[in-house]
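Every read-out reported here was derived from the displayed coordinates using simple, explicitly stated rules and does not represent laboratory data. Values in this document were obtained by computation on a predicted structure and should not be read as measured data. Positions of Cβ are generated from backbone atoms using ideal geometry, with glycine treated the same way; all protein chains shown enter the neighbour counts.
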Amino acid sequence: MRTKIIAGNWKMNKTLSESITLASGIVNGLNNINTKAEVIICPPFTSLETVNSLIKNSKVKLGAQNMHFEDHGAFTGEISAAMLKSVGCEFVILGHSERRHIFMEPDEMINKKIKKALGSNLKPVFCIGETLEERESNSTFKVLETQVRNGLANVTGSELLNIIIAYEPVWAIGTGKTATPEQAQEVHQFLRNLISQMFSEESSKIVRILYGGSVKPSNAESLLSKEDIDGALVGGACLQAESFLQIISVVN
Ligand code: 13P
């Protein structure tokens with residue numbers, strides 16, 4: 001049985017004081033709900049250290065939203081793996097579609113980041129997803145396969161066990177349009193088969209594959225009931241403790 005994960009990507013939202021309010025709301029709310037979910041929150045860099053101290057005695061785990069692949073040096077504005085570790089991060093989101101499309105991160109760079117994260121004891125939440133154009137031209141599987149093969153190049157079978165994959169169709173992110181549970185399941189099954197081919201059947205049964213893209217309390221249950229959907233990477237609905245907790249409580 002794969003433990004389901006509910007992860008919140010706060011994106012570029014929440015000042016320090018707003019982060020304190022949200023993280024505290026999540027920690028307190030979790031005391032009142034029954035859930036089997038593994039809960040991860042990914043605040044902006046400026047809130048990581050403070051949020052880490054707030055979640056210390058809770059089941060909430062900490063992740064960052066990005067990092068650079070070099071250890072240190074003249075990379076103005078960038079953050080290293082060691083810096084993330086030093087403020088308590090266990091996870092890091094890599095290859096998010098906003099990084100790919102707005103900041104032009106290519107697969108090769110995402111692969112370097114994944115390798116660096118793994119070598120630094122950070123667990124990558126590796127995001128992939130097709131655009132609307134790609135889906136409409138029937139190239140969804142081809143695009144995803146390329147992203148997975150390039151992103152996971154030179155990753156070993158044992159390293160794979162520390163990676164969480166997140167399928168986030170670009171057309172469903174922040175649009176209110178969600179993939180249907182059937183559309184998502186079809187892709188997740190494809191991804192699990194691909195992992196089986198690239199690594200082993202055993203690894204493909206263990207690796208967690210999350211769905212992301214307009215996940216809300218109203219659609220979480222139907223998505224999470226699908227066999228190959230091991231959780232959710234939530235954007236908009238994780239910015240209020242109440243809606244995030246409602247999604248978490250679906251996993252029981
Ligand atoms: P939304 O839930 O706002 O669509 O964002 C999804 C996402 O990009 C999470 O990483």
Test: residue in the stretch 12-35 that is assigned to a loop (DSSP other than H, G, I, E, B), under 21 Å from the mean Cα position of the chain (by Cα), away from the ligand (no atom under 16 Å from the Cβ) and under 15 Å from V250 (Cα atoms): yes
Within the stretch 196-208, is there a residue that is within 16 Å of the ligand (Cβ to nearest atom), outside any helix (DSSP H, G or I) and under 21 Å from N9 (Cα atoms)? yes
Being touching a strand residue (DSSP E or B) at 6+ places or on another chain (Cβ under 7 Å) and of a type outside the set (V, I, T) narrows it down to one residue among L144, L245; which is it? L144
What pairs come up if the first residue lies in the stretch 207-235 and is over 20 Å from L191 (Cα atoms) and polar (S, T, N, Q), the second is away from the ligand (no atom under 15 Å from the Cβ) and not in a loop (DSSP other than H, G, I, E, B), and their beta carbons are under 9 Å apart, counting only those six or more places apart or on different chains? N219/P181
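Every residue in the stretch 213-234 that is under 15 Å from P181 (Cα atoms) and within 10 Å of the ligand (Cβ to nearest atom), please.
Here is the first cut: in the stretch 213-234, the residues under 15 Å from P181 (Cα atoms) are 213-233.
Correct list: G213, S214, V215, K216, A232, L233.
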For the subset of the stretch 55-83 comprising residues that are of a type in the set (A, V, I, L, M) and over 20 Å from L160 (Cα atoms), which member is farthest from the ligand (Cβ to nearest atom)? A74
Just to be sure before I move on: is L54 hydrophobic (A, V, I, L, M, F, W, C) and over 28 Å from L223 (Cα atoms) in the structure I sent? yes
If you scan the stretch 235-246, which residues turn out to be assigned to a helix (DSSP H, G or I) and within 10 Å of the ligand (Cβ to nearest atom)? G236, A237, C238
With the structure loaded, tell me whether V251 is within 15 Å of the ligand (Cβ to nearest atom) and either farther than 19 Å from A7 by Cα or touching a Leu at 6+ places or on another chain (Cβ under 9 Å) (or both) or whether it fails that test. no
